[in-house]
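K.L.:
Below: one structure in structure tokens.
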Amino acid sequence: MVNDANFTLNGDNTYKCGFIDLNNNNFESFIDFNDLGIDNITLLGTVLECGFSMQAMKWDCDCQMEPFLELAQDVISRIWRDYFNLTCWNPPEYRNMSVPGFATKDEFQNDNLHLLICNMSEGEEGKCPRYCHCYAQPKLSRTVVNCTGVGLTKLPLYMPDKENLTILMANNKIEIFESRNYLNRTRVIDISDNLIRIFTEDAVSMLKTDTVLTMNNNSLKQIPREFQKFDPCSKVRMGQVILDCDCKDIWIGDWAENRNVKQCNNLTDILCNTRNGQVSWIHLTWNDICGFENYDLFRILSILFSIALLVAVITSSVFYTFRFELSLIFRKVRSRDQRRVKPWLQYDVLFSFNEENKEVRQWVIETLEPQLQLAGYKTFLPLRDTIPGTLKEDEMIYNINRSKNYIVILCDDYLGDQWKEKEWKYVWHSFHKNLDRNIVLVNFDQVETSDIGNSRLKAFLRLTLDIDFANRNNTFLEDIQDKLGPPMRYGRVLRNAKTKYVTKTEHVELNI
């Protein structure tokens, strides 16, 4: 039966199509209404006024019939027609059984719709593990994988790509319950009568809390703490388990108390091997498995250890948060005696500022840089002195390496582009690695620490190591010169016989 014209049912219409006699044809599989474009088969009973007779055919009684029969269940019981009486041909065990009979309820209101299943193929195609029997069971909204007693030594690597899996693996030789990607799609697992010694933590973590886990008669000696997410009175059935318990298993006693397992001790009975013999998890205490006679002493030591750990964490956090501030403070102490002449230095000062900011650019070019030149400082102004045609980043690193000091003009948009961020990174790196270098930070726009995301710049402001542009007075240039130190005069230094020079191998280059 096909729908080549792509006809669709309109729920607002009624379709009268009389009585259709299809008896004695070769239908085998029941009608797949999805293939006919009918996603909601409940429409069939509301918009179609038709009768279909499809008797005397060799029907496959499988899961494809179940949704239709479940919807028609009440109608069949109230309005019987002879042409309803279809019979099964396959599977052989259902041959000549009445199809409506599966939907007929007995005196206890039970039917046999759960018998209508669809088998799945073995191997990668159907994802049914080898030697196992897999079938879809729509009445119970589940897919069953029955691997009972097939000789498994480990969990199968794959399962059908379906939700609500019921996996039956009793009477095998599985030793380790390990993680598989289908565990989070599983609702029932029976692994009783195996050789399981170990449940891995990640495997138990993948199981959902409503998974029913039956695991009687295994060889468990320990269970991971993740088990406490299960309800042992309804979801986990272990039978009697004897574990080798120690201090880390104290949670088992808490699990028993929190879940009130006294009412269901017949489903799961955990016994712990302790120095006092076997103790039921219902009565398990700290003293039974930890071996300390003086519980109060241990508790005090635990509290002291926790306090010490908390102090260490807080201290580490403070040191990390203010690591650049601490670096600047210690740098002052370490750099006091760094007065050695380094002959590869060519510039007293390199300027770093946002050249796109007109006010900053004008003040640097017309005021600050000329005044420093008059004071004897050899300056490098990137927008003026960078050699055209060179690789920008290489030239930037080269000139930063050969400058003794750096004047950074901090404005709201100082780090406004990637090149300025790189320039600041290389300036800081040179400053950090060479104790004779210095950064003079001029706060042009009175930027606050809360306005800055860069932790290194923020450290300068927190320690008030910047020069506030708004507080300019007659000593403004002198303040900058004090931070820069005297300009380099190699001629005069070379005449001093006691001057100590460093070799070029001592120079710390930037790491790119």
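The values are calculated or read from the model by the stated rules, or taken from the named source; none is laboratory data. All of these numbers come straight from a predicted model, not from anything done at the bench. Here the Cβ is made from the backbone with ideal geometry for all residues, glycine too, and neighbour counts use every protein chain on show. To get the accessible areas, we keep the full protein, side chains included, count just its heavy atoms, and leave off ligands, DNA and RNA. Shrake-Rupley method; radii C 1.70, N 1.55, O 1.52, S 1.80 Å.
K.L.:
If the limit is 30 Å between Cα atoms, which of Lys105/Lys154; Lys162/Lys262; Lys358/Lys378; Lys105/Lys262 go over it? If you can, show how the numbers build up before the last one.
P.N.:
Details: Lys105/Lys154 41 Å; Lys162/Lys262 37 Å; Lys358/Lys378 24 Å; Lys105/Lys262 38 Å.
Beyond 30 Å between Cα atoms: Lys105/Lys154; Lys162/Lys262; Lys105/Lys262.
K.L.:
Same structure, new question: Excluding same-chain residues fewer than 8 positions from Lys235, which aspartates and glutamates have a Cα within less than 13 Å of its Cα?
P.N.:
Output for Lys235: Asp190, Asp210.
K.L.:
Over the chain, give the accessible area per residue in Å² for a 1.4 Å probe, as an integer.
P.N.:
Numbers: 29090 Å² over 512 residues.
Accessible surface, normalised per residue, equals 57 Å².
K.L.:
Right, another one. Kindly provide the Kirkwood hydrodynamic radius of the chain in Å, to one decimal, from all pairs of distinct alpha carbon atoms.
P.N.:
Final number for the Kirkwood radius of the chain is 32.5 Å.
K.L.:
Amide H of Arg402: which non-local residues (sequence gap of 5 or more, or other chain) have their own amide H closer than 5 Å, using H built in the peptide plane?
P.N.:
Long-range HN contacts for Arg402: none found.
K.L.:
Here's another thing I want to ask about it. What length, rounded to one decimal in nm, is gained on full extension from Glu421 through to Gln371, with 0.36 nm per residue of separation minus their alpha-carbon distance?
P.N.:
On the way: separation 50, 0.36 × 50 = 18.00 nm, distance 2.71 nm.
So the extension gain works out to 15.3 nm.
K.L.:
Radius of gyration and Dmax for region 194-275's Cα atoms, expressed in Å?
P.N.:
Spelled out, the Cα radius of gyration and Dmax of region 194-275 are 11.8, 35 Å.
K.L.:
If I fit a long axis through the Cα atoms of helix 66-78 and take the longest principal axis of the Cα atoms of the chain, what angle between them do I get, 0 to 90°, rounded to 10?
P.N.:
Around 40 degrees separate the two axes.
K.L.:
Just the number, please: Stokes-Einstein D of region 385-482 in µm²/s, Kirkwood Rh from C-alpha pairs, 10 °C, 1.306 mPa s.
P.N.:
Numbers: Rh = 14.5 Å.
Rounded to a whole number, D works out at 109 µm²/s.
K.L.:
Using 1/(1 + (r/R0)^6) with R0 = 51 angstrom and r between the beta carbons of Tyr131 and Ser302, what's the FRET efficiency to the nearest 0.05? List each step's numbers first, then the result.
P.N.:
On the way: r = 52 Å, r/R0 = 1.02.
With a Förster radius of 51 Å, E is 0.45.
K.L.:
For the ranges 454-462, 306-314, 92-100, what's the packing order if you count other beta-carbon atoms within 10 Å of each residue, average per peptide, and put the highest first?
P.N.:
Numbers: 454-462: 18.4, 306-314: 10.0, 92-100: 13.9.
The packing order, highest mean first, is 454-462, 92-100, 306-314.
K.L.:
Please compute the length gained on full extension between Ser327 and Lys173, using 0.36 nm multiplied by the number of residues separating them and subtracting their Cα-Cα distance. Provide the component values of the computation, followed by the final result.
P.N.:
Details: separation 154, 0.36 × 154 = 55.44 nm, distance 6.19 nm.
Here the segment from Ser327 to Lys173 would lengthen by 49.3 nm.
K.L.:
Tell me the net charge near Glu28. Cut-off is 15 Å between Cβ atoms, Glu28 excluded, with +1 for each Lys or Arg and -1 for each Asp or Glu.
P.N.:
Working: positive: Lys58, Arg95; negative: Asp32, Asp35, Asp60, Asp62.
In short, -2.
K.L.:
Taking Cα centroids, how far is region 189-262 from region 425-449 in Å?
P.N.:
Centre-to-centre distance over Cα atoms comes out at 60 Å.
K.L.:
Also, I was wondering about something else. So who's got an amide H within less than 5 Å of the one on Phe230, skipping anything under 5 residues away but keeping other chains? H placed 1.01 Å off N, in plane.
P.N.:
none
K.L.:
Using a Förster distance of 41 Å, how high is the FRET efficiency between Glu257 and Trp89, based on the Cβ-Cβ distance and rounded to 0.05?
P.N.:
After rounding, the FRET efficiency stands at 0.10.
K.L.:
Related question: Report in % the part of the accessible area of the chain that belongs to carbon and sulfur, leaving out ligands and nucleic acids; probe 1.4 Å.
P.N.:
50 percent
K.L.:
Just the isolated ones, please: cysteines in the chain lacking another cysteine beta carbon under 4.7 angstrom.
P.N.:
Cys411
K.L.:
Compute the length gained on full extension between Thr386 and Ser455: take 0.36 nm times their separation in residues and subtract their Cα-Cα distance, giving the result in nm to one decimal.
P.N.:
On the way: separation 69, 0.36 × 69 = 24.84 nm, distance 2.84 nm.
The span from Thr386 to Ser455 would gain 22.0 nm if fully extended.
K.L.:
List, in the order given, every pair from Lys392/Lys458; Lys127/Lys221; Lys422/Lys458 whose Cα-Cα distance in the structure shown is over 24 Å.
P.N.:
Numbers: Lys392/Lys458 27 Å; Lys127/Lys221 33 Å; Lys422/Lys458 17 Å.
Beyond 24 Å: Lys392/Lys458; Lys127/Lys221.
K.L.:
Taking 7 Å along the Cα-to-C-beta vector as the label spot, tell me the Asn217-Asp12 distance in nanometres, rounded to one decimal.
P.N.:
If labels sit at Asn217 and Asp12, their model points lie 6.4 nm apart.
K.L.:
Next up: Under the rule of -39500 (n - 2.57) per DSSP H run of 4 or more residues, summed and divided by the residues of the chain, what mean residue ellipticity at 222 nm is obtained, to the nearest 500 deg cm²/dmol? Intermediate values should be presented prior to the final figure.
P.N.:
Working: 16 runs with 143 residues, N = 512.
That comes out to -8000 deg cm²/dmol.
K.L.:
Decide, for region 350-420, between rounded, prolate and oblate: order the square roots of the alpha carbon gyration tensor eigenvalues as a ≥ b ≥ c, take rounded if a/c falls under 1.5, and otherwise choose prolate if a/b is larger than b/c, else oblate. Present the calculation step by step, with values, prior to reporting the outcome.
P.N.:
On the way: a/c = 1.71, a/b = 1.08, b/c = 1.59.
Note, shape of region 350-420 comes out oblate.
K.L.:
How much FRET efficiency would the formula 1/(1 + (r/R0)^6) give for Lys208 and Tyr320, where r is the Cβ-Cβ distance and R0 is 51 Å, rounded to 0.05? Could you put the intermediate results ahead of the total?
P.N.:
Working: r = 38 Å, r/R0 = 0.75.
That pair, Lys208 with Tyr320, gives E of 0.85.
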